[in-house]
Amino acid sequence: MVQKTIAGKNVEVNDEGYMTTPSEWNREIGTALAGELGITMTDKHWEVVDYLRNSFNEGVALSLRKVGNSGIVDIKGLYALFPGGPLKKSALIAGIPKPASCV
Amino acid sequence: MTDKPEPITKVSIICASGDIESVYATLIMSNGAVMEGMEANIFFTFWGINAVKKHSMNKIKTAVIGNPAMPIPSILGLIPGLSWLASKAMMWRMNQLDIPPVDEFLEMIQAGGGRVFVCKAAVDMFMIKKEQLWDGVEDIITVGKFYELAAGGQIIFT
C-alpha cells in the first residue's frame with residue numbers, strides 16, 4: 001500500500017494503483033486517475049464508472065460481459081472508451097478494486 | 001532483484017479439439033489477452049473447427065467416455081444423452097459465471113480486436129465450405145501464414 005495525492009486529496013492505493021478505500025473516491029479523483037491513463041472523461045465514461053461503482057456497492061461480481069450487457073455501451077464501445085483494459089482501467093478510474101474476473 | 005520480465009504483448013492460440021474444455025480454454029485465454037490489452041489470434045484446426053461452424057458452435061460437448069477427470073464411470077457414458085446432459089450442466093454453470101456461449105464469446109473477443117482464423121489443411125480434409133463457417137472467421141489460412149501472424153508473440157496450444 002502506498003499513499004498518493006490525487007486531485008489534492010491524500011488516498012491509499014495498492015501496488016497496482018487501485019484505491020483501497022472506494023468511499024474516498026470523488027469525481028475529481030476519477031478525472032485525475034483517468035488522466036494518468038491518458039483517458040479524457042466524457043459523459044459515457046462517467047456512465048460506465050457510475051455503473052461500476054453502483055454494482056460494486058451492491059456486491060455484484062463485475063465482468064466485461066456484465067458491463068457490456070448493462071445497456072450503457074456494448075463491448076466494442078467499452079474497448080473504445082478504455083483502450084487496452086476495458087474492465088481493469090475503468091475499475092481503476094472508478095476507485096474500486098480490480099475485478100477478479102476472467103471474463 | 002532481477003530485471004522485471006518483459007510483459008507478454010501478443011498471443012496466438014491453437015485450438016485443435018472440439019470439446020468444451022479445449023474450446024473454452026482457448027476462448028477464455030484469448031478474451032483475457034485482449035482484456036489485458038494484448039493482441040490475440042485464434043487458429044482453429046481439426047475438431048476445433050466445430051467451434052466455428054455455424055451449426056455446431058453452440059453445441060460443443062464434453063466427453064463422458066475416456067475422460068479420466070469425469071467423476072462418473074466411463075461405462076455409464078454409454079447411456080444415451082449423458083454427454084449432452086453433462087455438457088448442458090457445464091454450460092449452465094459457466095453462464096452463471098458470465099462465461100458466454102461460443103458465438104457470443106467470439107464476438108466479445110473480436111470486439112477487443114482479437115482475430116479468428118481457420119486452418120486450411122483441416123478445411124480441405126473435412127471438406128468444409130466457407131459458408132458453413134461462422135461469419136466472424138477472418139480467413140482460412142495455411143500453417144505458414146499462421147506462423148507469420150504469430151511473429152513476435154507467444155504460441156499456445158490448447
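When the residues of the stretch B:9-46 are filtered to those that are buried (at least 22 other Cβ atoms within 10 Å of the Cβ) and within 14 Å of chain A (Cβ to nearest Cβ), the one that is farthest from the chain's Cα centre (by Cα) is B:Met35. Screening A:Asn10 against (1) within 20 Å of B:Ile99 (Cα to Cα); (2) over 12 Å from the mean Cα position of the chain (by Cα); (3) more than 10 Å from chain B (Cβ to nearest Cβ) leaves a single unmet condition, (1). Those helices (runs of 4 or more DSSP H) of the stretch A:39-103 in which at least 1 residues are more than 14 Å from chain B (Cβ to nearest Cβ), considering only elements entirely within it, cover A:43-57, A:88-94.
For A:Thr31, only one of the following conditions fails: (1) more than 12 Å from chain B (Cβ to nearest Cβ); (2) surrounded by fewer than 16 Cβ atoms within 10 Å (Cβ to Cβ). What is its number? The single condition A:Thr31 does not satisfy is (2).
The single condition from (1) without any contact (Cβ under 8 Å) to a residue 60 or more places away in the chain; (2) over 14 Å from the mean Cα position of the chain (by Cα); (3) not in a loop (DSSP other than H, G, I, E, B) that B:Asn67 fails is (3).
When A:Asp15 is tested against (1) within 14 Å of chain B (Cβ to nearest Cβ); (2) within 30 Å of B:Gln110 (Cα to Cα), exactly one condition is not met: (2). Selection of the stretch B:110-127 for residues being assigned to a loop (DSSP other than H, G, I, E, B) and crowded, with 18+ Cβ neighbours inside 10 Å yields B:Gly112, B:Gly114. Taking the criterion of being more than 14 Å from A:Glu47 (Cα to Cα) and more than 8 Å from the chain's Cα centre (by Cα), the residues of the stretch A:81-95 that qualify are A:Pro83, A:Gly84, A:Gly85. The C-beta contact set for the stretch B:135-146 (first residue in contact (Cβ under 8 Å) with a residue 24 or more places away in the chain and open to solvent by less than 40 Å² (accessible area, probe 1.4 Å), second residue of a type outside the set (A, V, I, L, M, F, W, C) and in a strand (DSSP E or B), distance under 9 angstrom, 6+ apart or interchain) comprises B:Phe146/B:Ser12; B:Phe146/B:Asn41. So, B:Ile99, is that one under 18 Å from the mean Cα position of the chain (by Cα), in a loop (DSSP other than H, G, I, E, B) and not acidic (Asp, Glu) or not? Criteria met by B:Ile99.
Would the stretch B:140-149 turn up any residue that is part of a loop (DSSP other than H, G, I, E, B) and modelled with pLDDT of 95 or more? Scanning the stretch B:140-149, I find at least one residue that is part of a loop (DSSP other than H, G, I, E, B) and modelled with pLDDT of 95 or more, so the answer is yes.
Please determine whether any residue of the stretch A:13-21 is buried (at least 16 other Cβ atoms within 10 Å of the Cβ) and not aliphatic (A, V, I, L, M). Yes: the stretch A:13-21 contains one or more residues that are buried (at least 16 other Cβ atoms within 10 Å of the Cβ) and not aliphatic (A, V, I, L, M).
When the residues of the stretch B:70-96 are filtered to those that are assigned to a loop (DSSP other than H, G, I, E, B) and among the β-branched types (Val, Ile, Thr), the one that is surrounded by the most Cβ atoms within 10 Å (Cβ to Cβ) is B:Ile72.
Just so you know, in the stretch B:25-53 the residues that are part of a strand (DSSP E or B) and aromatic (Phe, Trp, Tyr) include one that is farthest from B:Pro7 (Cα to Cα), and it is B:Phe44.
The values are calculated or read from the model by the stated rules, or taken from the named source; none is laboratory data. If you're wondering where the values come from, they're calculated on a predicted model, not measured in any experiment. Quick reminder, even Gly has a Cβ in these numbers, built from the backbone with ideal geometry, and neighbours come from all protein chains shown. The area values use the complete protein model at the heavy-atom level, side chains included, leaving out ligands, DNA and RNA. Shrake-Rupley method; radii C 1.70, N 1.55, O 1.52, S 1.80 Å.
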